[in-house]
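Taking it in order: structure first as structure tokens, then the write-up.
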Amino acid sequence: MAYQLRQESLPLLPSGAGQIRILHFSDLHLTPSRTREIADIKSWAALKPDLVISTGDFLAHRDGVEVALNALNELLDIPGLYVFGSNDYYGPRFKNPLSYLKSDDGERRLGEKLPIEQFDSELKRRGWINLNNSRNTIKINGIKIDARGTDDAHLELDDYKKVVGKASGDLSIGVTHAPYKRVLDAMEQDGLDLIFAGHTHGGQVRLPWFGGSRSLTTNCDLPNWRSRGLTRNESGPWLNVSAGMGYSPFAPFRIFCPSEVSLITLTSS
């Protein structure tokens, strides 16, 4: 699997602070057969991030837990934050790929339940912080970070009331799998600086467009122009949407939308 390393820089830290390198990945959709993707994930530790953030959909198979833990092993020695997506709870089922282009009617076709409790327990044991409808404080390179997240909004598991409150610390970040408007609006109202999300796969199928390409869908109510990359809506928080690494086993293709991992370097303002 070929993938792109997308690098960005944001001046969000207090004056005089050292930089923080954040590795953001999403939508691995791991199965035991994805040996090339596993090797790619193992290589990320060489990027030497200070903080790792995953926005969910680690799994795509009932045997994916050990596969994911093996792939992430070196990264789990680095401070990490994570939330889950729908494919962490339920295995994939066949779905007509064209149905993603239709308006969302709220119906979800769920596959077999996956052993998410086991996976969650292992991530916590290695020191990563679960932000599913949870809020925590973490200090990285002397910077106090107010971190909060929601569970998967695509399955309507999000409950922002559990983490609501004005931003604090030197830096405030939000983490969510599916960037639905209700989640982004709530985080903006609380004054967060930066939000991380996945789910969209960058559209997965994009059309060539002036200066690049354009997605046909985001699979949620996020506008298409924000389907991947670092964007900002007026004076709101920055939003980094990962186009993700993998895909459903029933839709094994990407068109004009390569797999990616993000390295966001935060610097002093």
Residue by residue through region 39-66, note down the ones that are surrounded by 23 or more Cβ atoms within 10 Å (Cβ to Cβ), modelled with pLDDT under 95 and in a loop (DSSP other than H, G, I, E, B).
Ala60
One residue from Gly174, Gly127 being among the small types (Gly, Ala, Ser) and surrounded by fewer than 24 Cβ atoms within 10 Å (Cβ to Cβ):
Gly127
Would you confirm, using the coordinates I've provided, whether Ser168 is surrounded by fewer than 22 Cβ atoms within 10 Å (Cβ to Cβ), more than 16 Å from the chain's Cα centre (by Cα), of a type in the set (Ser, Thr, Tyr) and modelled with pLDDT under 95?
no
Could you tell me whether any residue of region 89-96 is touching a Ser or Thr at 6+ places or on another chain (Cβ under 6 Å), surrounded by 22 or more Cβ atoms within 10 Å (Cβ to Cβ) and not aliphatic (A, V, I, L, M)?
yes
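Okay, residues lined up against (1) in contact with a strand residue (DSSP E or B) (Cβ under 7 Å, 6 or more places away or on another chain); (2) over 17 Å from Ile53 (Cβ atoms):
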position	(1), (2)
Thr137	yes, no
Gly142	no, yes
Asp151	no, no
Glu156	no, yes
Lys161	no, yes
Leu171	yes, no
Log entry, pairs with first residue in region 176-194 being at pLDDT 95 or above, second being basic (Lys, Arg) and crowded, with 22+ Cβ neighbours inside 10 Å, beta carbons closer than 8 Å, six or more apart or on different chains, reads Met187/Arg148; Leu192/Arg148
Within region 1-53, work out how many residues are in contact with a helix residue (DSSP H, G or I) (Cβ under 7 Å, 6 or more places away or on another chain) and without any contact (Cβ under 8 Å) to a residue 12 or more places away in the chain.
0
All but one of (1) surrounded by fewer than 22 Cβ atoms within 10 Å (Cβ to Cβ); (2) modelled with pLDDT under 95; (3) of a type in the set (S, T, N, Q) hold for Thr267; state the number of the condition that does not hold.
(2)
Restricting the search to region 130-151, which residues are of a type in the set (S, T, N, Q) and either in contact with a Pro (Cβ under 7 Å, 6 or more places away or on another chain) or assigned to a loop (DSSP other than H, G, I, E, B) (or both)?
Asn132, Asn133, Asn141, Thr150
With touching a Leu at 6+ places or on another chain (Cβ under 6 Å) and not in a loop (DSSP other than H, G, I, E, B) as the only criterion, which of Thr265, Thr231 stands out?
Thr231
For region 215-238, give me the residue count where each residue is touching a residue at least 60 places away in the same chain (Cβ under 8 Å) and crowded, with 22+ Cβ neighbours inside 10 Å.
0
Do you know which of the residues in region 67-88 that are surrounded by fewer than 21 Cβ atoms within 10 Å (Cβ to Cβ) and among the acidic types (Asp, Glu) is farthest from Tyr247 (Cα to Cα)?
Asp77
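Per-residue answers, yes or no, for (1) touching a strand residue (DSSP E or B) at 6+ places or on another chain (Cβ under 8 Å); (2) farther than 30 Å from Asp170 by Cα; (3) of a type in the set (Asp, Glu):
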{"site": "Leu10", "(1), (2), (3)": "yes, no, no"}
{"site": "Phe25", "(1), (2), (3)": "yes, no, no"}
{"site": "Pro32", "(1), (2), (3)": "no, yes, no"}
{"site": "Thr35", "(1), (2), (3)": "no, yes, no"}
{"site": "Ile38", "(1), (2), (3)": "yes, yes, no"}
{"site": "Ser43", "(1), (2), (3)": "no, yes, no"}
{"site": "Lys48", "(1), (2), (3)": "yes, no, no"}
{"site": "Asp57", "(1), (2), (3)": "no, no, yes"}
{"site": "Glu66", "(1), (2), (3)": "no, yes, yes"}
For region 67-105, the count of residues that are in contact with a Lys or Arg (Cβ under 7 Å, 6 or more places away or on another chain) and either modelled with pLDDT under 95 or not in a helix (DSSP H, G or I) (or both) equals 5
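The values are calculated or read from the model by the stated rules, or taken from the named source; none is laboratory data. All figures in this text were calculated on a predicted structure; none of them were measured in a lab. With ideal geometry, Cβ positions are generated from the backbone for all residues, glycine too; neighbour counts draw on all protein chains shown.
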